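Here the structure comes first, spelled out in structure tokens, and everything after it is commentary.
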Amino acid sequence: MIAVMGATGNTGRKVTELLLEAGEEVRALGRSPERLAELAALGAATAVGDARDADHLASAFAGADAVYTLTAFDPTLPDYHADQDRRGEAIVSAIRRSGVRHVVALSSIGAELADGNGFIASLHRQEQRLRTLDGVDVLLLRPGAFFEGFHSALETIRHEGVVADSVTPHAKVPMIATADVAVAAAGALRERNWSGVVVRELIGPRDLTYAEVATAIGTAIGRPDLRYVQLSDEEMAAILTGTAGFSPDFAALLVEFNQALSAGRLRPIEGRNEGNTTPTWFEEFAATLR
């Protein structure tokens, strides 16, 4: 049996579906009984509960041959890192108590850095926690920025006629489709062919500038004049805490993350190679935004 955290989310749902399609027994974890019911209809067992609760996680992980872990984020919380640390500690405690021997953990490009990387710093700490597990084989997946992050901005993009962010327009950013992350995760959960702690970086077919992102989205939605506008850090923070409803704490972390992207600090350590390059192009994703 394979347990999947965040089974109704961006990567977790697809991981669950891929495993079920392959004939695996899956236990899908999440907060919403209604959304988990959709996976139950596909054949998954479900476990509803709070991912900050180590007792709940230990029970859900019990009997699993492998688990897919992630620390779901809430950008409205006043102390983002504190919540992430609580989630991460619960996961590690549950792994120890349940006897799981194979873990595929969702992390991020840039998680090798302890600071200066915005919200990714909490993933660095979670990687360090996972490294303390004795007798557990851990695969740390470090994908680039998700294409799907642009979904939430689409209404504003259509209304304002621009893609606006604080990343410099010509910074090359590693990006990836969440479906490609799920394929890698599901394959690893099934094969379990690594030992110890292994890092696997994942990036799309090519790095993208935000100017290129704007061009691709504009072409897809019938706005060929769509352009990218760089916001100042102050403007970005004001939008995040205003219309987006983020906490000042998370807004500051996202601004710092964007600064790191602009400076080229969040890059795959091993560079681009056949093993970390995934197949889905941004233009394919953009076509779904119509």
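A short reminder: the numbers here are calculations on the coordinates, not readings from a lab. The structure displayed is predicted, hence computed values, not measured ones. Please note: Cβ atoms are built from the backbone with ideal geometry, for glycine as well, and neighbour counts cover all protein chains shown.
For region 6-15, residues that are surrounded by 24 or more Cβ atoms within 10 Å (Cβ to Cβ) and either in contact with a Cys (Cβ under 9 Å, 6 or more places away or on another chain) or more than 15 Å from residue 37 (Cα to Cα) (or both) total 2.
Being within 22 Å of residue 214 (Cα to Cα) and either surrounded by 17 or more Cβ atoms within 10 Å (Cβ to Cβ) or touching a Pro at 6+ places or on another chain (Cβ under 7 Å) (or both) is the filter here; which residues of region 257-276 pass it? Result: 257, 258, 259, 260, 261, 262, 266, 267.
Just one of the listed residues (90, 82, 105) is in contact with an Asp or Glu (Cβ under 8 Å, 6 or more places away or on another chain), within 30 Å of residue 173 (Cα to Cα) and among the small types (Gly, Ala, Ser), namely 105. Residues that are without any contact (Cβ under 8 Å) to a residue 60 or more places away in the chain, under 20 Å from residue 107 (Cβ atoms) and surrounded by 22 or more Cβ atoms within 10 Å (Cβ to Cβ) within region 55-78 comprise 57, 61, 71, listed in sequence order. Just one of the listed residues (211, 182) is buried (at least 20 other Cβ atoms within 10 Å of the Cβ) and assigned to a helix (DSSP H, G or I), and it is 182.
Residue-wise test of (1) over 18 Å from residue 146 (Cα atoms); (2) not in a loop (DSSP other than H, G, I, E, B).
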residue	(1), (2)
224	yes, no
235	yes, yes
249	yes, yes
256	no, yes
264	no, no
270	yes, no
274	yes, no
284	no, yes
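The residues of region 237-290 that are touching a strand residue (DSSP E or B) at 6+ places or on another chain (Cβ under 7 Å) and either on the phi > 0 side of the Ramachandran plot or of a type in the set (S, T, N, Q) (or both), listed by number, are 258, 276, 277, 278. Given the conditions (1) in contact with a helix residue (DSSP H, G or I) (Cβ under 8 Å, 6 or more places away or on another chain); (2) within 29 Å of residue 3 (Cα to Cα), report the number of the one that residue 167 does not fulfil. Result: residue 167 passes all but (2). Taking region 138-149 as the range and being crowded, with 19+ Cβ neighbours inside 10 Å and farther than 19 Å from residue 260 by Cα as the test, the residues that pass are 138, 139, 140, 141.
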